[in-house]
């Protein structure tokens, strides 16, 4: 548990620093994330065998539940955005996206990365590696989900008020717990990855509206 906690804190703090202190393009943030969420853990914990990646062990019922849950979460994300849009600084959001290199031209490529690349990086790290390192402790569900939420503060910080930021982090924490419980029966990250991708589709629908129609 100690190794997992130290690794996660160092990785998250460094990525938060890159996100908030360095004005770099999205591609370099992606490279840094791949290094700290995938390459370094693979090097350090290769001998563990990463049993959570054995997708063939995932039972069909878990996959069906994950799919239906993902569709529901996707709808909730879009609905919440519609309700809270007047309280979100979309102009600041657009400026930040543009500064990071997210434009009408690059968005489709970034969207594909978010859907298939970013989602598996985060699932590998937060729903696979960290619970695996923590072991059977009750913290295996709560702690990685909390760190998952804290990590995403760097994304929401410039756009939301403190109240909405707290709401977003709380929602991500609860969502992370749901993601983790979806994996418990099969012991793989495939169910949570399915839910994560549907959630990302909801976010990308919002992104399409902001980038192309706002």
(Q) Here is a check on your reading of the model: is residue 47 more than 21 Å from the chain's Cα centre (by Cα), loosely packed, with under 13 Cβ neighbours inside 10 Å, part of a helix (DSSP H, G or I) and modelled with pLDDT under 90? (A) yes
(Q) Looking for something surrounded by 18 or more Cβ atoms within 10 Å (Cβ to Cβ), at negative phi and outside any helix (DSSP H, G or I) - is there at least one such residue anywhere in segment 164-187? (A) yes
Q | Check on residue 142, under 26 Å from residue 46 (Cα atoms), assigned to a helix (DSSP H, G or I) and at pLDDT 85 or above | A | yes
Q: Output the number of residues of segment 32-41 satisfying the condition of being over 11 Å from residue 128 (Cβ atoms) and surrounded by 13 or more Cβ atoms within 10 Å (Cβ to Cβ).
A: 6
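Conditions (1) loosely packed, with under 13 Cβ neighbours inside 10 Å; (2) in contact (Cβ under 8 Å) with a residue 40 or more places away in the chain; (3) under 26 Å from residue 139 (Cβ atoms); (4) more than 19 Å from the chain's Cα centre (by Cα), marked per residue:
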residue	(1), (2), (3), (4)
8	no, yes, yes, no
19	no, yes, yes, no
54	no, yes, yes, yes
65	no, yes, yes, yes
82	yes, no, no, yes
Q. If residue 151 satisfies every condition in (1) closer than 18 Å to residue 52 by Cα; (2) buried (at least 20 other Cβ atoms within 10 Å of the Cβ) but one, which is the exception?
A. (1)
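This table checks each residue for (1) within 25 Å of residue 18 (Cβ to Cβ); (2) in contact (Cβ under 8 Å) with a residue 40 or more places away in the chain; (3) in contact with a helix residue (DSSP H, G or I) (Cβ under 8 Å, 6 or more places away or on another chain).
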position	(1), (2), (3)
32	yes, no, yes
40	yes, no, yes
46	no, no, no
51	no, yes, yes
68	no, no, no
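The values are calculated or read from the model by the stated rules, or taken from the named source; none is laboratory data. Since the model is a prediction, treat every value here as computed from it, not as a measurement. Here Cβ is always computed from backbone atoms with ideal geometry, including for glycine, and neighbour counts include all displayed protein chains.
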